[in-house]
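Single-structure report; data block below.
Every number in this text was worked out from the coordinates using simple rules, so none of it is lab data. Everything numeric here is computed off the predicted structure, so don't read it as measured data. Cβ placement follows ideal geometry from the backbone for every residue including glycine, while neighbour counts extend to all protein chains displayed.
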Ligand code: PHE
């Protein structure tokens, strides 16, 4: 019976050095498991003399209960501690900066392109599109530029084959629309065009917006009003506008339209070559030959057409002096719009 006391003491010593739940579990098995130290004492009960047996049995059971109680107490303590440790180790620092996903933004050319489209839509124009890979017929022939016409030299053309090219301007959309529709027409046709040319003001691909209006009595004054309204809207109401006589095979009469230089306010500078004016688009009254090509009666219908470069408008609007900046994809440049 006396061997029960050292067992209890041994257990207490071991309990003191326990630091986690799995050690505690091992300790429990060591004393109370099937082959545990206390359990085996209970099994020897039958070898104890009958007089001592009840007292001895009580003593062993007391130690057993004691150990069970201690293990339970220490267990819940360790559980609490481990929970606390886990919470601390999993803590999130809410003051850390988040992961930043950069936003995309509209390219300046698209921004101005959509501005141009919006202005014409507000004046009642419809938007039409045409293919970038185009037949020679629509790009030149039907626009009164037969093969070997000297005006073809002005547009450095990318040839796919003898008859198929990359369109050099958006004017072929005039032909495509007029072929399938009848007047009255009030159309703009935005899109990409291609010319074999690179320098400070030319890139092999650039954007144009074509515009045209056809009805029974469209006059040059309508063209002037539409273009002046557009220019005053996209630049400012004070921007001076000037029509200068010019030549295009598909318009007669033809004009080039200038605005007061946006770099020097018309005083004269390097950009406007001291003239105070900058060219922004080509325009004119649709040539009767073009109407004949699409089967319209030129005695019945008149119309105007114009075409502008979107890169050029953007450069004048934001005082940018090198067209190549639009295509270099330098974020420092693009972020400014
Ligand atoms: N297509 C001409 C060009 O690209 C511009 C233009 C369009 C001129 C319509 C007159 C009428 O140069």
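If one computes P(r) from the Cα atoms of the stretch 108-334, what percent of pairs lie at distances over 32 Å? Show your work: numbers first, answer last.
Details: 4139 of 25651 pairs.
So the portion of pairs separated by more than 32 Å is 16 percent.
Kirkwood hydrodynamic radius (Cα pairs, Å) of the stretch 147-257?
16.2
For an R0 of 22 angstrom, estimate the FRET efficiency from the Cβ-Cβ distance between residue 269 and residue 327 and round to the nearest 0.05.
Once the sixth-power term is evaluated, E becomes 0.30.
If you project the alpha carbons of the stretch 4-90 onto their three principal axes, what span does each projection cover, largest first, in Å?
On the principal axes, the stretch 4-90 reaches 59, 18, 16 Å in Cα extent.
R0 = 35 Å: FRET efficiency of residue 110 with residue 220, Cβ-based, nearest 0.05? Each step should come with its number before you reach the end.
Numbers: r = 32 Å, r/R0 = 0.91.
It comes out at approximately 0.65.
For the chain, with a Gaussian network of springs between Cα atoms less than 10 Å apart, report the residue from 316, 300, 45 with the top mean-square fluctuation.
Checking each option, the largest mean-square fluctuation is seen for 45.
Using the eigenvalues of the Cα gyration tensor, what equivalent ellipsoid semi-axes result for the stretch 38-150 when each is taken as the square root of five times the eigenvalue, whole Å, largest first?
Listed largest to smallest, the semi-axes of the stretch 38-150 are 101, 20, 12 Å.
Between residue 162 and residue 99, what is the label-point separation in nm under the 7 Å Cα-to-beta-carbon projection?
Reported label-point gap for residue 99 and residue 162 is 5.9 nm.
Over all directions, how big on average is the projection of the convex hull of the alpha-carbon atoms in the stretch 39-99, in square nanometres?
5.9
Choose one answer from 129, 62, 292: the residue with the largest mean-square fluctuation in a GNM of the chain with alpha-carbon springs under 10 Å.
62
Under the rule of -39500 (n - 2.57) per DSSP H run of 4 or more residues, summed and divided by the residues of the chain, what mean residue ellipticity at 222 nm is obtained, to the nearest 500 deg cm²/dmol?
Result for the chain, helices only: -12000 deg cm²/dmol.
What is the Cα convex hull volume of the stretch 274-337 when expressed per residue in Å³?
Enclosed volume per residue, from the Cα hull, is 150 Å³.
7 Å from Cα along Cα→Cβ at both residue 247 and residue 43: what's the point-to-point distance in nm?
Distance between label points: 12.0 nm.
So how do 130-138, 4-12 stack up, highest first, on mean other-Cβ count within 10 Å?
130-138, 4-12
Compute a Gaussian network model of the chain, connecting alpha carbons closer than 10 Å, and tell me which residue from 176, 86, 242 fluctuates the most.
With Cα springs under 10 Å in the chain, the top fluctuation among 176, 86, 242 is at 86.
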